[in-house]
Amino acid sequence: MQWETWVIETLRRALAYGSPLLLGTMGEIYSERSGILNLGVEGMMILGAFVGFFTAFVTGNPWLGFLMGALVGGAASLIHAFLSVTLRVIQVVSGLALTLFGLGLTGVLGRGWEGKPLRVSLPVFYIPYLKDIPILGPIVFVEQNVFVYIGIGLALILWYLLFKTSWGITIRSVGEDPATADALGINVSLVRYLCVVIGGLLAGMGGAYLSIIYRPSWTQGMTSGMGWIVIALTIFSFWHPIGALGGSYIFGSLFYLSFRLQPWVAPELLTIMPYLFTILAPLLLNLHKKMRRRMGAPAALGIPYSREGE
Amino acid sequence: MRSSNLEHQPIVSIRGITKVFPGGLTANDDISLDIYPGEIHALLGENGAGKTTLMNILSGIYRADEGVFFLYGKPVQIKSPKDAIQHGIGMVHQHFRLIPPHSVAENIALGLGTSFLSPLKMVLKTIREFSLQYNLSIHPMARICDLSVGEQQRVEIVKALIRGANILILDEPTAVLTPQEAQELFFILGKMKSEGKAIIFITHKLEEVLEIADFITVLRKGRVVDSFPVSRIKETKEDAKKELASMMVGKEVILKVDKETVTPGDTVLNVENLHVHNDRGVETVRGVSFSVRKGEIFAILGVAGNGQRELVEAIVGLRGHTGGILKGNGRAGYIPENRLTMGTAPNMNLAENMILTCYRDYSKTLFLDLTRILEKTRKGIADFRVVAPDVKVLARQLSGGNVQRLILARELSQNPGLLIAEQPTHGLDVRSTEDVWRALLDQRKSAGILLVSGDLEEVLSLSDRIGVIFQGKIVNVLESSSAKHRIEEIGLMMTGGVRNTQVSS
């Protein structure tokens, strides 16, 4: 009986801990599905975290904080889009630059804001009736914040958009074979810009989640590598929003467990788990070309597109 | 039938199209021709005659340097594939423009502007209609990568039709098809023709032209040799073929090489019961045996895609083999099919490219001996008549023929015991082809040469023995002297008409 409540509690907390990862991962999935690898997630998240916190702190409105966090993430991603789509620079370099830029800038700007607690908070839900469903009820419908539901809702919407609509066909085609899409009249650059910006908005939102809900305060470098976990999760989820849902919650439970199991297991051991997976992810990606294709890796990922003869 | 069409307005008029590529190659030289509705117009010519270039211009992929198009008598500008589609011009390329992991319906729906929420609904309906109309059997939800080449081609045709193509260009559509699939394609084209669509059929196969074309335009070296209705041509099939062939090749037979007699020496390459898989894990070389001796040219002759690539990659060590024995003797030189990306480092200069496969011979210490390298490069360039302003230009700035000469200079200067030449003259002009042939025959005196080619003329001109490959197996090994009288039979072997006569060599 005891272990049952324990498992339920772990899973319940996994949703809350996993949500920022989910937001970021869905964004990166869109970016990568269009063919653009954006390693700037960490930078966009930390920018979203700081601007989200700052806005919520100053205005007292956490919703506005989320909005501004998302917008700054989107704006930052435009830098990457410009460099990688328009100027066709090496995407790894441009993404890394964005990460360093975000970490550096927030380090400077956030100096005076360190440790100040955010007193405003978003509502927490106990959903009547639904919370009484056995097992699922206490996991999903008890004491969850609104962005857990927004994350789940977005995953469903983004999945539908990517796999069932004409936009989805366009996005995936651009990521697979931009030359073919171009020949059929698709504006490859526009699609890639939009997808990168979707990635930025969601990463910024994930960052704001950290500083407004997860740990309602600002600490320098508070994303602590979450952006990199997002990159790994994108691979683990096979570039699929529903996969991102599962993957994020698994990682979320690992985060939670690293606190809970402290008396028995060295916390460092559990804390490194997500990062360990992050190291394993590229390995998985390089296993076999065929495997890679089957998993959904976009064929043109990371390759700048230019028309023949340009 | 034709006379009634003469009163018709042409659907497309091509006037004075000229295209010169950056390397200086004039691919199209003042080309003019008319395409009529309800006709299959064959564009006939050898490799490199300018057929594909002309059609790539018409379909908006390339821009012409000079010339205009008239559609239904009105001048039109075609600046992009999108423009071409809007004017009802659709092209099925030799390399299909399909996205392998996506479904048939998704590929067709791409860029079609179908409904946002249910983009496939209209596509599925249209595929069903076309399937009935043209007797195509395509499963709309199947993934492209699971389809046969013939089925993929049909998807490309549907892609063009659904976009309202009235003019359908097919670039060597039968090159990748089985005879059965080719017949199915001809049936579809016949249907489209009867609906008043114009079909432009690029090919170099005379048989096909006589079978389905209504109108024939022959191109040679970027120029129109003649353009005429099929009714004008000779009565008997054999005479007609001869007439077309002489138009294609030209009156003068330029490519006549003298072959000295060389007595074959030791075996330099021995292949026994070799099995190789391709990237998709399919076994494409299925038990191949042959040997190459010093002083002979052994040709592997076949239609592209019958395992030649995997065979060569296994021999040169780029690919592992799953069974059999591979034994080489001495230094091997390799002239790859993809001469720019495999044969050179396109962004390195000629001198650097010259030592790619032998740089160790040019460094005694930590450093390269630049003086000797430049000396060697200048000599190679002179000996092999590479046209280049300087040894410091980049390999990618050379034309195809000059890249090939550079590779030959590099490989042959190392005196290999075995030379593997893969489609060595594909896409080259006559002069370059002659140079390459001469170089190969020269090398034959001191080396064994494995020539992999789909070009019958080349194989007959150069080789001493010919192994015909089909679907990963050597169908037969012929002495070159006897092969010259068995051309038709060889054609059948190449296309699977004759099987299971593997002769050990």
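The values are calculated or read from the model by the stated rules, or taken from the named source; none is laboratory data. Being a predicted model, the structure only gives us computed values, none of them experimental. No Cβ is skipped: glycine too gets one built from the backbone with ideal geometry, and neighbour counts run over all protein chains shown.
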**Item:** Among the residues listed as B:Ile61, B:Ile127, the single one being of a type in the set (Val, Ile, Thr) and either within 29 Å of the chain's Cα centre (by Cα) or on the phi > 0 side of the Ramachandran plot (or both)
**Value:** B:Ile61
**Message:** With the requirement that a residue be surrounded by 14 or more Cβ atoms within 10 Å (Cβ to Cβ), of a type in the set (A, V, I, L, M, F, W, C) and under 17 Å from B:Gly190 (Cα atoms), what does region B:122-141 give you?
**Reply:** B:Phe130, B:Leu136
**Fill in**
When (1) closer than 20 Å to B:Val224 by Cβ; (2) at pLDDT 90 or above; (3) not β-branched (Val, Ile, Thr) are applied to B:Gly50, the one that fails is (2)
**Item:** Neighbours by Cβ (under 8 Å, 6+ apart or cross-chain): first from region B:69-89, under 10 Å from A:Gly185 (Cα atoms) and of a type outside the set (A, V, I, L, M, F, W, C); second surrounded by fewer than 14 Cβ atoms within 10 Å (Cβ to Cβ) and modelled with pLDDT under 95
**Value:** B:Asp83/B:Gln77
**Prompt:** Here is a list of conditions, (1) over 30 Å from B:Tyr72 (Cβ atoms); (2) surrounded by fewer than 21 Cβ atoms within 10 Å (Cβ to Cβ), and B:Pro119 meets all of them except one; can you say which number that is?
**Reply:** (2)
**Message:** When you check B:Ile162 against the structure, is it touching a Leu at 6+ places or on another chain (Cβ under 9 Å), more than 26 Å from B:Leu44 (Cβ to Cβ) and at pLDDT 90 or above, yes or no?
**Reply:** yes
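Tell me yes or no: at least one residue of region B:106-126 is free of Cβ contacts under 8 Å to residues at least 60 places away in the same chain, away from chain A (no Cβ under 13 Å), out of contact with any Cys (no Cβ under 7 Å at 6 or more places or on another chain) and among the charged types (D, E, K, R). Before the answer, list the steps.
In the first step, residues of region B:106-126 are kept if they are free of Cβ contacts under 8 Å to residues at least 60 places away in the same chain; the result is B:106-126.
Those still in the list that are away from chain A (no Cβ under 13 Å) too: B:124-126.
Okay, now just the ones that are also out of contact with any Cys (no Cβ under 7 Å at 6 or more places or on another chain), so B:124-126.
When the remaining residues are screened for being among the charged types (D, E, K, R), the result is B:125.
Yes; the residues of region B:106-126 include at least one that is free of Cβ contacts under 8 Å to residues at least 60 places away in the same chain, away from chain A (no Cβ under 13 Å), out of contact with any Cys (no Cβ under 7 Å at 6 or more places or on another chain) and among the charged types (D, E, K, R).
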**Item:** Restricting region B:268-324 to residues that are of a type in the set (S, T, N, Q) and not in a loop (DSSP other than H, G, I, E, B), the residue that is surrounded by the fewest Cβ atoms within 10 Å (Cβ to Cβ)
**Value:** B:Asn273
**Asked** Are there any pairs with C-beta distances below 8 angstrom linking a residue in region B:364-383 that is within 19 Å of B:Asn402 (Cβ to Cβ) and acidic (Asp, Glu) to a residue that is at pLDDT 90 or above and assigned to a helix (DSSP H, G or I), with the two at least 6 apart or on different chains, and if so which?
**Response** B:Asp383/B:Ala409
**Request:** Report, by residue number, each residue of region A:229-244 that is assigned to a helix (DSSP H, G or I) and surrounded by fewer than 20 Cβ atoms within 10 Å (Cβ to Cβ).
**Result:** A:Ile242
**Prompt:** Only one of these conditions is not met by B:Ile89: (1) aliphatic (A, V, I, L, M); (2) crowded, with 18+ Cβ neighbours inside 10 Å; (3) within 11 Å of another protein chain (Cβ to nearest Cβ). Which number is it?
**Reply:** (3)
**Request:** Only helices (runs of 4 or more DSSP H) wholly contained in region B:400-486 count here; list those with 3 or more residues that are among the hydroxyl-bearing types (Ser, Thr, Tyr).
**Result:** B:480-483
**Request:** Look through region B:92-105, keep the residues that are away from chain A (no Cβ under 11 Å) and within 19 Å of B:Ile169 (Cβ to Cβ), and return whichever of them is nearest to the chain's Cα centre (by Cα).
**Result:** B:Gln94
**Request:** Name every residue in region B:56-84 that is out of contact with any strand residue (DSSP E or B) (no Cβ under 7 Å at 6 or more places or on another chain), away from chain A (no Cβ under 14 Å) and exposed (fewer than 14 other Cβ atoms within 10 Å of the Cβ), in order of residue number.
**Result:** B:Gly73, B:Lys74, B:Gln77
**Complete:** Condition set facing chain B (nearest Cβ under 9 Å) and among the β-branched types (Val, Ile, Thr), scope region A:149-197, selection surrounded by the most Cβ atoms within 10 Å (Cβ to Cβ): answer is A:Ile169
**Complete:** Within region B:380-398, the count of residues that are in contact with a Pro (Cβ under 9 Å, 6 or more places away or on another chain) and over 18 Å from B:Gly333 (Cβ atoms) comes to 3
**Message:** Restricting to region B:379-394, count the residues that are surrounded by fewer than 15 Cβ atoms within 10 Å (Cβ to Cβ), within 17 Å of B:Glu411 (Cα to Cα) and not acidic (Asp, Glu).
**Reply:** 3
